[in-house]
Amino acid sequence: MKNSFAANVAVLGGGAAGFFGAIACAEANPALNVVLLEKTTKLLSKVRVSGGGRCNVTHNCFSPAQLVQFYPRGGKHLKEPFKQFGAQDTVQWFERRGVRLKTEADGRMFPTTDSSETVARCLEQAAQRAGVRVLTSTAAERIEPLSGGGFCLHLSGNQELRVQKLLVATGGNPKSAGYDWLRHLGHSICEPVPSLFTFNVPNSPLKELMGVSVPHARVVLAGEKLEYEGPLLVTHWGVSGPSVLKLSAWGARRLHELQYTGTALISWVPTYTEESMRQWLQTFRTENGKKIVAANPLFGLPQRLWRNMVEQVGIGSEVRWSELAGKLQNRLIELLLRTPLQVRGKTTFKEEFVTCGGVPLGEVDLKTMESRRVPGLHFAGEVLDIDGITGGFNFQAAWTTGYLAGRAIAASAQE
């Protein structure tokens, strides 16, 4: 015989969206009995590892019209939700609970403590104060809509939970089969593919430069309308950094179709065109003819990167600018503007994995995050077909959708 218990509201998923939704619901209607279920032993795991353990809470972008431009999937649908609860609201929400945020030069916002534990503890304490009951190691193995409304959740450990309202905040899943239980409830699914990944370049000419970074590069996928500018990092497996990660987000579906193969063209000095660089070098050579090419990096490039390119071109270690053959200069210009890297695969970081795909937004009322197909079923976070580029945007989508879902459930659930 099953151990049966009841609650007004169940929240599936102990991550950012689940906690935020549960807190919003319980604070808006304290009389409700809200239960949060997490199938693993760990709560808020992505919050804890985000931003290298510092937690990139949101982005310093307080205009909904601008904020939506950072979402490869879901952006156009998020404008109204961001008007209801945007980045400014997130900052104030955490500050009211004792967590102050700071803005870094690139717009990312972190707790002033530089510790993700500050954010995780804040959420756990807010849930506790609001009366949310949190159960770990508890998975919903089957969900059964009840004829009179509400749901029966068949849980691990031979338990059964009956609720009026259900908030699904289970995150993204890399495998399509991971969404089958939502298909059984009547939803379709946008097929999941990875987003936010780095490029593997097994035969990279830059392999010896692991750790070298450039603050402003342009990455272009040859033959495709895909490019992005930003910091770039050379790794032992290929290239990474915000420019690569953001390109992978915008091109997630196309790169999946290409099986993560293609040619990435790197411009190390994207402010120059071929013509403007040629003109600049002509003036430089006239004024600095005695300087040795290999020993004097140009354009603010790291010494190791500059030497690598000079060697690739075939310029001797003692050649001066006045002696440099035009043919070799042309090759150097080509490498500076279009270093070709043969991409043969990707690397994702398991803890910070982001999925493109999930429940289509057309099947959800974005004012309340309620399913248009199953009354009483709400969604929040990455289980939806929403994903942002790096910089705090995925967390902002989690806070926003969790907050709207929680408040809507609180308004509609009966005590």
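Residue check: T170 meets all listed conditions (1) in a strand (DSSP E or B); (2) closer than 21 Å to A26 by Cβ; (3) among the β-branched types (V, I, T) but one, namely (1).
Among the criteria (1) under 39 Å from the mean Cα position of the chain (by Cα); (2) touching a residue at least 40 places away in the same chain (Cβ under 8 Å), the one L281 does not fulfil is (1).
Of the residues L182, L166, the single one that is in contact with a strand residue (DSSP E or B) (Cβ under 6 Å, 6 or more places away or on another chain), touching a residue at least 60 places away in the same chain (Cβ under 8 Å) and not hydroxyl-bearing (S, T, Y) is L166. Might you check whether a residue that is over 22 Å from the mean Cα position of the chain (by Cα) and farther than 15 Å from D385 by Cβ occurs anywhere in region 227-239? The answer is yes; a qualifying residue exists. Scanning region 238-262 for residues that are under 21 Å from L335 (Cβ atoms) and assigned to a loop (DSSP other than H, G, I, E, B) turns up just one, G241. Considering only residues in region 289-333 that are touching a residue at least 60 places away in the same chain (Cβ under 8 Å) and not in a helix (DSSP H, G or I), the one that is farthest from H216 (Cα to Cα) turns out to be P302.
Take K76 and decide whether it is modelled with pLDDT under 95 and not acidic (D, E). Answer is yes for this residue.
Only a single criterion out of (1) surrounded by fewer than 18 Cβ atoms within 10 Å (Cβ to Cβ); (2) in contact (Cβ under 8 Å) with a residue 40 or more places away in the chain; (3) part of a helix (DSSP H, G or I) is not satisfied by E229, namely (3). Of the residues screened, I189 is one that is among the β-branched types (V, I, T), surrounded by 15 or more Cβ atoms within 10 Å (Cβ to Cβ), touching a residue at least 40 places away in the same chain (Cβ under 8 Å) and over 25 Å from R344 (Cα atoms).
Among the residues of region 347-388, those identified as surrounded by fewer than 19 Cβ atoms within 10 Å (Cβ to Cβ) and under 30 Å from H216 (Cα atoms) are T347, T348, F349, K350, E351, E352, F353.
Yes or no, residue by residue, for (1) surrounded by 22 or more Cβ atoms within 10 Å (Cβ to Cβ); (2) of a type outside the set (D, E, K, R); (3) modelled with pLDDT of 95 or more; (4) closer than 18 Å to L337 by Cα:
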position	(1), (2), (3), (4)
P202	no, yes, yes, no
P215	no, yes, yes, yes
R218	no, no, yes, yes
G223	no, yes, yes, yes
L233	no, yes, yes, yes
A252	yes, yes, yes, no
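Count of region 345-399 residues, restricted to those that are of a type in the set (D, E, K, R), assigned to a loop (DSSP other than H, G, I, E, B) and closer than 15 Å to A169 by Cβ, is 1.
The values are calculated or read from the model by the stated rules, or taken from the named source; none is laboratory data. Note that this is a predicted model, so its numbers are computed, not measured. Virtual Cβ from ideal backbone geometry, glycine too; neighbours counted across all protein chains shown.
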